[in-house]
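Below is one structure; the comments refer to it alone.
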Amino acid sequence: MKHNEFIREDRLPTFWCGGCGYGQVMNSITRAFEKAGVTLNDTVLVSGIGCWGHVDSFLKVNAFHGTHGRALAFATGIKLANPELNVVVALGDGDGVTIGGNHFIHACRRNIDLTAILCNNYNYGMTGGQYSSTTPEHSITSTSPYGHIEPGFDICKLAEVSGARYIARSISENVTQTAEYIAEAMSKKGFSFVEVLTPCTTHYGRNNAMKHPPELYRWLKSTVVPAAAAAKMTEDQLRNKFIIGKLYDRPGQDYGTRYRDEIQAKGIEDLAKKE
Amino acid sequence: MYEVRIDPKRCKGCGLCADFCPRNIYDFSWGSVPVAARSDDCVGCMQCEVKCPELAITVREAAP
Ligand SMILES: Cc1ncc(C[n+]2csc(CCOP(=O)(O)OP(=O)(O)O)c2C)c(N)n1
C-alpha cells in the first residue's frame, strides 16, 4: 500500500490545532507502514487518551483506543494473544511517561515486541497545557505560570536503562527521517521506541512567547543536536539539548519468544491465537 | 515547472509552508490560506508537501 492510502481522507481536516506537529508524525507513520509493507489486517494501532491518541481516527489500520496512560498495557495483551500482529502504540508525554510511566518502564524491561511512538510536546495538550513530566525547566505552562521548577525526563535515557531494544529520537518536521526510524523500529523484535519532539502551538508555544507556529518550530530545532555532532560536544555544550538520531540498538530476545520457548520446552499448550 | 495545490478545506493557515519554502513562492498573511503566487520559482523540493501537518498541499510536475 502507498502511504496516502493509509489515511482516512474523509476524516480530514484533522482535529489538531493549526501548526500542531501531530499531522507530520501521522504522515511519518503512514510512510513507515508503506516501507514496512504492512497491510490493514496485520497491524493494530493502540492509543491512549490525549490529542495524539486521536491519531487512530485518521488511519485505516485496526485501532484500540484505550484509557489514559494505559496504551502499553492493552498493547501488551494484544501482542501476547496475537503474536502475528504488528502492534504500534501511540503515546503522548502525559499519557506515556507521566500517568503511564510505570507501564512504560515495565514494557521496556520485559522487552515486549511493540513499537511505541511517543510524541513529546512538553505538556498536556488536550486538557489545557498543564506541565507533564517532560516539561523543560523554567518553561511557562498553565500550571507553572512562574516557570517550571522541576527537571524534565530524558525519555530515551529512561527507555535505555529500562531495557528497550531499539531507541531513536526525531523532531516532527523531519517527516521522512522519522518514518525511517519508525520503519526500522517495526522491523526489530522487542520493545522499540521512537520519541518525536512535537510542537504544541496552542499551549506550549503561546505560553512561552512563541505566538506563531514557525517560531516554535525554529526554537525546537535549535534545541536538538544530531547524534554525530553531539559525539564531538562537551557535556556543558549539550546541557538543555536533546540528541536526535538512532540512539540505541541492542540484541536480545523479546518476551513473547522467550515465553513461547519456555512453555514449549515444558510441553504446555500455547493459547495464543494461531494463524 | 511545478503545480502547487493547496486544499482550502484542510488548510488551517499555520504558515509553515511559507516559512519552510526555500524559494519563497508563497504569499501568506496570518489567518488566511497561503497562495502559491510564484509557483514558477518552485523547484519541486517537496518540503511544503511533506511538512504540511494537514496533508493539504500537493506539488506535481506540470506539463510545460
Ligand atoms: C485517568 C485519567 N486521568 C486524567 C485524564 C484527563 N486527561 C485527558 S488527556 C490528558 C493529558 C494528555 O496529555 P498528553 O498525553 O501529553 O497528550 P497530548 O494531549 O499533549 O497529545 C489528561 C490528563 C483522563 N482522561 N483519564
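Hey, can you tell me all the residues within the range A:210-224 that are facing chain B (nearest Cβ under 9 Å) and over 17 Å from B:GLY31 (Cβ atoms)?
Within the range A:210-224, A:TYR217, A:ARG218 qualify.
So A:PRO13 fits all but one of (1) away from the ligand (no atom under 13 Å from the Cβ); (2) assigned to a helix (DSSP H, G or I); (3) closer than 30 Å to A:ARG218 by Cβ; what number is the exception?
Every condition holds for A:PRO13 apart from (2).
Let me spell it out: the conditions are (1) out of contact with any Ser or Thr (no Cβ under 9 Å at 6 or more places or on another chain); (2) closer than 17 Å to A:LEU118 by Cβ; (3) surrounded by 23 or more Cβ atoms within 10 Å (Cβ to Cβ); (4) not basic (Lys, Arg), and A:HIS68 meets all of them except one. Which number is the exception?
(3)
Are any of the residues in the range A:28-35 within 13 Å of the chain's Cα centre (by Cα), among the hydroxyl-bearing types (Ser, Thr, Tyr), within 14 Å of another protein chain (Cβ to nearest Cβ) and crowded, with 24+ Cβ neighbours inside 10 Å?
Looking for residues that are within 13 Å of the chain's Cα centre (by Cα), among the hydroxyl-bearing types (Ser, Thr, Tyr), within 14 Å of another protein chain (Cβ to nearest Cβ) and crowded, with 24+ Cβ neighbours inside 10 Å, one finds at least one in the range A:28-35, hence yes.
Take the residues in the range A:138-170 that are among the β-branched types (Val, Ile, Thr) and surrounded by 21 or more Cβ atoms within 10 Å (Cβ to Cβ), then tell me which one is farthest from A:THR257 (Cα to Cα).
In this case the residue turns out to be A:THR141.
Could you please find all residues in the range A:137-153 being of a type in the set (D, E, K, R) and either within 14 Å of chain B (Cβ to nearest Cβ) or more than 16 Å from the ligand (Cβ to nearest atom) (or both)?
Scanning the range A:137-153 gives a single hit, A:GLU137.
Just the residues that are within 14 Å of chain B (Cβ to nearest Cβ), closer than 23 Å to A:PHE153 by Cα and of a type outside the set (D, E, K, R), please, taken from the range A:178-209.
A:THR178, A:VAL196, A:THR198, A:PRO199, A:CYS200, A:THR201, A:THR202, A:GLY205 - these are the residues of the range A:178-209 that are within 14 Å of chain B (Cβ to nearest Cβ), closer than 23 Å to A:PHE153 by Cα and of a type outside the set (D, E, K, R).
Anything in the range A:41-71 that is in contact (Cβ under 8 Å) with a residue 24 or more places away in the chain and over 28 Å from A:GLY19 (Cα atoms)? List them, or say none.
Across the range A:41-71, the qualifying residues are A:ASP42, A:THR43.
Within the range A:40-136, considering only strands (runs of 3 or more DSSP E) that don't extend past its boundaries, which have at least 3 residues that are away from chain B (no Cβ under 14 Å) and within 13 Å of the ligand (Cβ to nearest atom)?
A:86-92, A:115-120
Consider B:VAL33 carefully, then state whether it is part of a helix (DSSP H, G or I), within 26 Å of A:ARG11 (Cβ to Cβ) and within 12 Å of chain A (Cβ to nearest Cβ).
Against the criterion (part of a helix (DSSP H, G or I), within 26 Å of A:ARG11 (Cβ to Cβ) and within 12 Å of chain A (Cβ to nearest Cβ)), B:VAL33 does not qualify.
For the range A:229-257, enumerate the residues that are of a type in the set (Phe, Trp, Tyr) and over 24 Å from A:LYS189 (Cα atoms).
Across the range A:229-257, the qualifying residue is only A:PHE242.
Taking the stated definitions as given, is B:CYS45 part of a loop (DSSP other than H, G, I, E, B) and within 25 Å of A:ASP10 (Cβ to Cβ)?
No, not satisfied.
Where a number appears in this text, it was derived from the coordinates with a stated rule and is not lab data. On a predicted model such as this, the values are computed, not experimentally measured, just so you know. Every residue, glycine as well, gets a Cβ built from its backbone with ideal geometry; the counts of neighbours run over all protein chains shown.
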